[in-house]
């Protein structure tokens, strides 16, 4: 007996199989996406050159980039190069002596002559001026990070596009920060 | 629509695309970008009056392999620590010998008899004149981090940045004293070390001088830790020290003057015994825009030898 299909049966069969494959593909893709790693933008502090573009090129204003402080590395010293501007008149909290353009670093006496430096993220604009001062004259405990609670995670990060040292990269969402002290120079993710 | 109109539209579209591409290229070119409005600028403090500069750079020796760590000069030879090797070279650059060390070294000093003392993380080893290990100290402490060594006629002084102490050993590597220094305030630790670096040196009168960077001070101690004198000067100008880790390295000229090097504003200067600025050896313009202060050694003619970590070379400065 002939098993030949009619043209109508053939087209109908093709359509059924195509529909089935499409549905399976969509489900498979969704499952893969749901279980795969999420990625976020972050700054490698060892590559950052403190160029200032994090403050001016983020789509958010003020920028999602903020200065963070690796307290374990800090010397807690009175003469902080990240807090006091070059040629400061006195080592105190007077605006004329502060390096930060928005006074976002708060200086608190721990015990003479040790001071703790805390970043007020409401005021920080991510300009890296303090980071440069700390890196040059101190031990680099101040550094920039993209704050993930503020970042809108653009597909193409506007800062990464203009970063001159290629310091901004995608990192896994389960380790969203590259804080100095817990992350070594040259470490691959 | 005629072919002619279509042609014009296509040419216009191509011109617009080309303009966008050129604009994008130009706007992303680092040289064309606007300057950083938040620039941290210390250029005002880099200028040095030419009359203040008393030394001139005469030559350099490049360090081709490895990362340099420390330098010393004694008996007409340069003693270099590069990676985990001890390298002894003549000032002309010819290698005398090279020895692999058993662990990564941090600091080095050579006594008048030619014995070589090398400080590692938390212990010292002694080597003879040809680099054969002959003695080893006990581990000082798990927290110890030795960063500088200096030798007098009878004693070895070690700067322990981890414990913020100076350890004093005899030549048999037996610890004789250990002290915290004095800050001038009774309840404050003597040595204020903002970073894990701590330097000291012994002058030709066998006097120990240690840097107290948190105070921008250089302090003279007896071997038992009694503060006998000090001087300090905080300033971004040439006459003082800035930032929280300076002076980074010190050495002595034969007349007792201090040779200092600094990070941040990278420069080498000479201060009189009183602390007053005497002259500048190398202005900031002599160094790359790095952050590392050069390590120092002084030869028998008061030539100053700087180990430039950024450029990986030994640089020789001679009096003008």
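The values are calculated or read from the model by the stated rules, or taken from the named source; none is laboratory data. All figures in this text were calculated on a predicted structure; none of them were measured in a lab. Neighbour counts run over all protein chains shown; Cβ positions are idealised from the backbone, glycine included.
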| field | Single condition residue B:206 does not satisfy, out of (1) within 14 Å of chain A (Cβ to nearest Cβ); (2) on the phi > 0 side of the Ramachandran plot | value | (1)
| For region B:245-282, which residues satisfy the criterion of being surrounded by 23 or more Cβ atoms within 10 Å (Cβ to Cβ), away from every other protein chain (no Cβ under 14 Å) and over 25 Å from residue B:152 (Cα atoms)? | B:281, B:282
| said: Looking at region B:213-228 only, could you name the residues that are within 19 Å of residue B:192 (Cβ to Cβ), assigned to a loop (DSSP other than H, G, I, E, B) and touching a residue at least 24 places away in the same chain (Cβ under 8 Å)? | reply: B:216, B:225
| note | Taking region B:210-228 and the residues there that are more than 16 Å from the chain's Cα centre (by Cα) and within 11 Å of chain A (Cβ to nearest Cβ), the one that is farthest from residue A:80 (Cα to Cα) would be B:215
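Residues are listed down the side, and each one gets a yes or a no for (1) in contact (Cβ under 8 Å) with a residue 40 or more places away in the chain; (2) within 15 Å of residue B:174 (Cα to Cα):
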site	(1), (2)
B:110	yes, no
B:127	yes, no
B:130	no, no
B:139	no, yes
| note | Inside region A:114-129, the number of residues satisfying the requirement of being surrounded by 24 or more Cβ atoms within 10 Å (Cβ to Cβ) and either without any contact (Cβ under 8 Å) to a residue 40 or more places away in the chain or within 8 Å of chain B (Cβ to nearest Cβ) (or both) is 3
| field | Pick from region A:1-41, criterion in a loop (DSSP other than H, G, I, E, B) and surrounded by fewer than 10 Cβ atoms within 10 Å (Cβ to Cβ), ranking: modelled with the lowest pLDDT | value | A:1
| Meets criteria (touching a helix residue (DSSP H, G or I) at 6+ places or on another chain (Cβ under 8 Å) and surrounded by fewer than 18 Cβ atoms within 10 Å (Cβ to Cβ)) for residue B:242 | no
| note | Filter region B:229-239 for residues that are more than 14 Å from chain A (Cβ to nearest Cβ) and either in contact with a helix residue (DSSP H, G or I) (Cβ under 7 Å, 6 or more places away or on another chain) or free of Cβ contacts under 8 Å to residues at least 24 places away in the same chain (or both); the one that is surrounded by the fewest Cβ atoms within 10 Å (Cβ to Cβ) is B:229
| task | Starting from region A:133-157, take each residue that is on the phi > 0 side of the Ramachandran plot and list its partners that are assigned to a strand (DSSP E or B), counting only C-beta distances under 7 angstrom and pairs at least six apart or across chains. | result | A:153/A:40; A:153/A:41
| task | Could you please let me know if residue A:79 is surrounded by 18 or more Cβ atoms within 10 Å (Cβ to Cβ) and at the interface with chain B (Cβ under 8 Å from one of its Cβ atoms)? | result | yes
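Of the residues A:134, A:151, which single one is at pLDDT below 95 and either within 14 Å of the chain's Cα centre (by Cα) or closer than 19 Å to residue A:107 by Cα (or both)? Full working, then the answer.
Numbers: A:151 fails: at pLDDT below 95.
Answer to the selection: A:134.
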| message | So in region A:92-113, with the set limited to residues that are touching a helix residue (DSSP H, G or I) at 6+ places or on another chain (Cβ under 9 Å) and within 10 Å of chain B (Cβ to nearest Cβ), which one is farthest from residue A:69 (Cα to Cα)? | response | A:113
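Here is a yes/no grid of residues against (1) more than 14 Å from chain B (Cβ to nearest Cβ); (2) farther than 19 Å from residue A:171 by Cα:
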position: A:27; (1), (2): yes, yes
position: A:50; (1), (2): no, yes
position: A:58; (1), (2): no, no
position: A:62; (1), (2): no, yes
position: A:65; (1), (2): no, no
position: A:75; (1), (2): no, yes
| task | May I ask you to verify whether residue B:5 is loosely packed, with under 10 Cβ neighbours inside 10 Å, assigned to a helix (DSSP H, G or I) and away from chain A (no Cβ under 14 Å)? | result | yes
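Yes/no per residue for (1) assigned to a strand (DSSP E or B); (2) in contact with a strand residue (DSSP E or B) (Cβ under 7 Å, 6 or more places away or on another chain); (3) over 19 Å from residue B:86 (Cα atoms):
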| residue | (1), (2), (3) |
| --- | --- |
| B:118 | yes, yes, no |
| B:121 | no, yes, no |
| B:135 | yes, yes, no |
| B:140 | no, yes, yes |
| B:143 | no, no, yes |
| B:168 | yes, yes, yes |
